[in-house]
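First up is the structure itself, then whatever we jot down about it.
Values in this text are rule-based calculations from the coordinates and carry no lab data. The structure presented is a predicted model; accordingly, all values stated were derived computationally and were not measured. Virtual Cβ from ideal backbone geometry, glycine too; neighbours counted across all protein chains shown.
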Amino acid sequence: MFRVTLIISLMVTSQGFAQTQEWWANNVNWDGQTHWSEYLIYSPRFTGPNAMPVPQISKGYVPDQSSIQIGGQYQARSGDQTTNLTFRASHTFLKNRVSVDLFMVPIEWFDLSHERKTERNVYFEHYSKNSAIGDLYVNTNIQVLNQDSSGLDLAIRIGLKTASSGLDNPARFIDSPGYYFDLSIGKSFKTGNLKIRPFGMIGFYAWQTNNESLRQNDALLYGLGYELTKAKWTFDQHLRGYSGYHDIDDKPFVFNSSFTYQISKTYLTLEYQHGLRDFLYRGFELRLGFNM
């Protein structure tokens, strides 16, 4: 009985210690004045999977239909398991030459280990939180060249990352706006009833940091892949990433593979993502889309 009581007491003491200001102050070597948010690391390695993701790849064209997509996603790495909802919407106008789209994680639920909380300098008041709201991304896409008239598709994207998530969470998101723009190219080829489309993009990505001497991190944004379409099926594989210059594990590189099955105006997509560098998560997303 004494042994059981001792074990329970040690567990409670350890848990309590992990959630005190003293624990946090010792963990970050607090100077007694600096705000806790200054000790967070604005890097994809030290935040949740939805905080600093690589922007979705552009394929050289503006979508020919407006659409809405809703989905569920599971992403995991050692010490961090995340489940979240996703929402995407796109509106095309000006005869398919311009589109505006948005992306958001309305909510995520996570299970974060003590080791990860320690590594990410989680503030003691947020230690026990297990859910958070994500950021909103808004893009404008402009078709510059069209394959039918120029032999090649070429598009420009201008994107904005808002700071809608805030900082009231255990290093899941960053209270930081960002922006990016990229140029993408693609060309479709037909072989019988199979359409093959290689594509690539190159661009620039920047976001505000919490470093007083380096208030902005700039990064090269890039991606390369291909798409296969046959009847109602579409298969996509690509690599994409960005490379920041602060050298704080800010060079995420990911691999994506997805299948889409379309029936009339409704389609279902199953996507797998594998982090290869700095972004260390692996996960699946299932989403349902509707063309309008």
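General remarks:
- For segment 124-220: relative contact order, % (alpha-carbon pairs under 8 angstrom, 6 or more apart): 20 percent
- The coefficient of translational diffusion for the chain, derived via Stokes-Einstein from the alpha carbon Kirkwood radius under 25 °C and 0.890 mPa s, stands at 118 µm²/s.
- The Cα center of segment 66-102 and the Cα center of segment 225-276 differ in position by 12 Å.
- Placing one equal scatterer on every Cα of segment 147-212 and applying the Debye formula, the log10 ratio I(q)/I(0) at q = 0.11, 0.28 Å⁻¹ is -0.48, -1.16.
- Cβ-derived FRET efficiency at R0 25 Å, residue 211 paired with residue 118, nearest 0.05: 0.75
- Rg over Rh, two decimals, segment 185-292 (C-alpha only, Kirkwood Rh): 1.08
- Sequence ranges 70-79, 113-122, ranked by mean other-Cβ count within 10 angstrom, highest first: 113-122, 70-79
- Cut-off 12 Å between beta-carbons: net charge of the residues surrounding residue 258, Lys and Arg +1, Asp and Glu -1: -3
- Model label points for residue 193 and residue 290, set 7 angstrom from Cα along the Cα-to-Cβ axis, are 3.0 nm apart.
- Extension gain, residue 163 to residue 270: 0.36 nm times the residue separation minus the Cα-Cα distance gives 35.7 nm.
- Note on residue 129: lysines with a C-alpha under 22 Å away, same-chain residues under 8 apart excluded, are 117.
- With R₀ fixed at 51 Å, the C-beta to C-beta distance from residue 150 to residue 33 puts the FRET efficiency at about 0.30.
- In segment 230-285 the Cα-Cα distances spread across 10 Å bins starting at 0 as 22, 39, 24, 12, 3 percent of all pairs.
- The distance between label points at residue 249 and residue 77 comes to 0.6 nm (points 7 Å beyond Cα on the Cα→Cβ vector).
- Each peptide in 215-226, 52-63 receives the mean, over its residues, of other Cβ atoms within 10 Å, and ordering these scores from highest gives 52-63, 215-226.
- When the pairs 195/232; 187/251; 187/230; 230/265; 59/230 are compared against a 20 Å limit on Cα-Cα distance, 187/251 fall above it.
- Degrees between helix 2-18 axis and first principal axis of the chain (Cα, 0 to 90, nearest 10): 60 degrees
- Computed about its Cα centre, the charge dipole of segment 147-201 is approximately 320 debye, with only Lys, Arg, Asp and Glu carrying charge at their Cβ.
- D_trans [Stokes-Einstein, Kirkwood Rh over alpha-carbon pairs] for segment 36-134, 37 °C, 0.692 mPa s, µm² s⁻¹: 210 µm²/s
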